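Novice: Structure in structure tokens, see below.
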Amino acid sequence: MEDVSIAALLKFFEQYFPLNLAERKEVAARFTERSVKRRGYILQQGDVAKYFTFVVSGCFRQYVVDETGKEFNLQFAIENDWITDLCSFYSETASNTYVEALEPSVILQIKHDDLLYLYTHYHKFDRNFRIIVEKKYIDLQNRVMQNISITADNRYSNFMTRYPNLANRLPNVHIASYLGITPEFLSKVRKKMVRPA
């Protein structure tokens with residue numbers, strides 16, 4: 001019987017290129033389950049991102065800190081999503097980001113070398129992870145375009161469409177940081193959106 005976490009990951013892959021028995025066994029052998037406490041880190045600035053992480057349950061944020069100590073959220077990841085510093089992971093260089101659990105979480109992680117092994121020996125993984133990385137790139141591109149071309153109200157509206165289940169799981173300060181606005185301005189935007197026409 002497959003582990004519950006591994007079963008969740010295999011179900012995720014079913015969306016793209018479903019895995020055969022040998023490939024499923026490789027997943028079970030090469031991914032490691034880990035529990036992370038709230039406010040626990042799976043990556044810190046200056047460390048090399050050694051793992052690509054699949055979120056089985058819980059919520060994470062990836063963020064950077066500027067010279068003044070101000071935090072800027074880059075992305076969130078909840079169930080059935082992936083998170084890592086892609087640049088650090090693939091180039092095996094020090095990361096500029098942090099990845100922190102915002103809730104008690106269960107994750108599956110695969111090491112860089114194990115993922116490269118799967119790419120080389122089972123081409124379906126190469127295709128599956130290409131889709132994952134492409135989607136992350138598209139999300140990033142869309143976010144950059146929104147930040148330079150649309151209002152904060154529309155950015156918040158788009159955030160709610162993209163992450164409908166996150167509003168109640170995230171403190172206002174994290175949503176505001178992601179949108180590039182202050183928590184006070186976010187409160188005004190929210191009030192404006194719920195006010196009757």
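The values are calculated or read from the model by the stated rules, or taken from the named source; none is laboratory data. Quick caveat, the model's predicted, so the values are computed rather than measured. With ideal geometry, Cβ positions are generated from the backbone for all residues, glycine too; neighbour counts draw on all protein chains shown. Quick note on the areas: whole protein, heavy atoms, side chains included, nothing else; ligands and nucleic acids left out. Shrake-Rupley method; radii C 1.70, N 1.55, O 1.52, S 1.80 Å.
Novice: Among the candidates Ile181, Ile131, Ile110, single out the residue that is closer than 23 Å to Ala8 by Cβ, outside any helix (DSSP H, G or I) and hydrophobic (A, V, I, L, M, F, W, C).
Specialist: None of the others qualify; the one that does is Ile110.
Novice: Test of understanding: among Arg39, Arg30, Arg34, which residue is on the phi > 0 side of the Ramachandran plot and either surrounded by 20 or more Cβ atoms within 10 Å (Cβ to Cβ) or at pLDDT 95 or above (or both)?
Specialist: Of the residues listed, the single one that is on the phi > 0 side of the Ramachandran plot and either surrounded by 20 or more Cβ atoms within 10 Å (Cβ to Cβ) or at pLDDT 95 or above (or both) is Arg39.
Novice: Moving on. In the range 75-99, what residues are open to solvent by 10 Å² or more (accessible area, probe 1.4 Å), of a type outside the set (Ser, Thr, Tyr) and either in a strand (DSSP E or B) or within 24 Å of Met160 (Cβ to Cβ) (or both)?
Specialist: Result: Gln75, Ile78, Glu79, Asn80, Asp81, Ala94.
Novice: Given Thr93, Thr84, Thr68, which one is at pLDDT below 95 and more than 21 Å from Pro171 (Cα to Cα)?
Specialist: Only one candidate qualifies: Thr68.
Novice: Also, quick follow-up: Cβ contacts < 9 Å: first residue touching a residue at least 24 places away in the same chain (Cβ under 8 Å), restricted to the range 140-152; second residue β-branched (Val, Ile, Thr), any location; separation 6+ or different chain. Result?
Specialist: From residues that are touching a residue at least 24 places away in the same chain (Cβ under 8 Å), the pairs are Ala152/Ile181; Ala152/Val189.
Results for (1) more than 30 Å from Leu21 (Cα to Cα); (2) open to solvent by 80 Å² or more (accessible area, probe 1.4 Å), shown as yes or no for each residue.
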residue: Phe125; (1), (2): no, no
residue: Phe129; (1), (2): no, no
residue: Met145; (1), (2): yes, yes
residue: Arg155; (1), (2): yes, no
residue: Phe159; (1), (2): yes, no
residue: Tyr163; (1), (2): yes, no
residue: Leu179; (1), (2): yes, no
residue: Glu184; (1), (2): yes, yes
residue: Arg190; (1), (2): yes, no
